[in-house]
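Student: Before I ask anything, let me first share the structure, which is written out below as structure tokens.
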Amino acid sequence: MTTDSTAAGATLPASPPLTARQEARRRRILHASARLAGRGGFDAVQMREVAESSDVALGTLYRYFPSKVHLLVATMQDQLRHMHETLRKRPPTEREPGARVAQTLMRAFRALQREPQLADAMVRALTFADRSVSPEVDTVSRLTTAIILDAIGLDGAPTPEQLSAVRVIEHTWHSALITWLSGRASIAQVKIDIETVCRLIDLTAPRRVPDPKTTNG
């Protein structure tokens, strides 16, 4: 899931780290957001109800998340972090890097499939996000990239060609999720699209230069 970055060269001031109490409050808010979205989708996430459900004042909620879109994009960040941890505990088993990425993304897709209302709410928030939400959307993209790169299992840093392939895969995964949520694609179609685009990983792998000592006898 990708987005354009903020203006080139612009740097955002670092936010001070949250205290343990603030972090606990933030987690309560995110859990409340996920519960409400899971029950009724995007429209069910009302800021006042989130505040009441997480036992925080409405003004406090807005200090953490200025809008419902900010909140739901942060909820997607939280879901992706949890998903990444789960995938690391159970890494893909396929032999080829492209197949490992496809296996990983389909496992992530099926996790979202189990809670379609929540998935729909998060995807709609990403679609509605404007420039004010760019840092949060960029974090979603970085988390998705990290999941894909982990699945590839690179020995070193990815090449520009591999990063380009990863971006195309992210776009396809996001698009496949949207078309499935809207009822315009089946799970089988999503799987075919994901497997097809993930072949880019194998096509962009650095080619090994033959060792003259072995090729010349």
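The values are calculated or read from the model by the stated rules, or taken from the named source; none is laboratory data. A quick note: this is a predicted structure, and the numbers were derived from the prediction, not measured. Cβ atoms come from the backbone with ideal geometry, glycine included; neighbour counts cover every protein chain shown. Each accessible area value is taken on the protein alone, full model and side chains, heavy atoms only, with ligands, DNA and RNA left out. Shrake-Rupley method; radii C 1.70, N 1.55, O 1.52, S 1.80 Å.
Student: May I ask you to list pairs of residues, at least six apart or on different chains, whose Cβ atoms are under 6 Å apart, with the first in region 137-165 being free of Cβ contacts under 8 Å to residues at least 24 places away in the same chain and farther than 19 Å from Ala125 by Cα and the second being open to solvent by less than 40 Å² (accessible area, probe 1.4 Å) and among the aliphatic types (A, V, I, L, M)?
Tutor: none
Student: Which residues, counting only those in region 87-102, are touching a residue at least 12 places away in the same chain (Cβ under 8 Å), part of a helix (DSSP H, G or I) and open to solvent by 50 Å² or more (accessible area, probe 1.4 Å)?
Tutor: Across region 87-102, the qualifying residue is only Arg88.
Student: Residue by residue through region 23-47, note down the ones that are within 21 Å of Asp130 (Cβ to Cβ), open to solvent by 70 Å² or more (accessible area, probe 1.4 Å) and assigned to a helix (DSSP H, G or I).
Tutor: Scanning region 23-47 gives a single hit, Asp43.
Student: Name the residue, out of Val56, Val73, Val50, Val69, that is buried (at least 17 other Cβ atoms within 10 Å of the Cβ) and outside any helix (DSSP H, G or I).
Tutor: Residue meeting the stated conditions: Val56.
Student: Being out of contact with any Leu (no Cβ under 8 Å at 6 or more places or on another chain) and among the acidic types (Asp, Glu) is the filter; apply it to region 96-142 and report the residue that is nearest to Val197 (Cα to Cα).
Tutor: My answer is Glu96.
Student: Among the numbered criteria (1) open to solvent by 10 Å² or more (accessible area, probe 1.4 Å); (2) in a helix (DSSP H, G or I), which one does Ala125 miss?
Tutor: For Ala125, the exception is condition (1).
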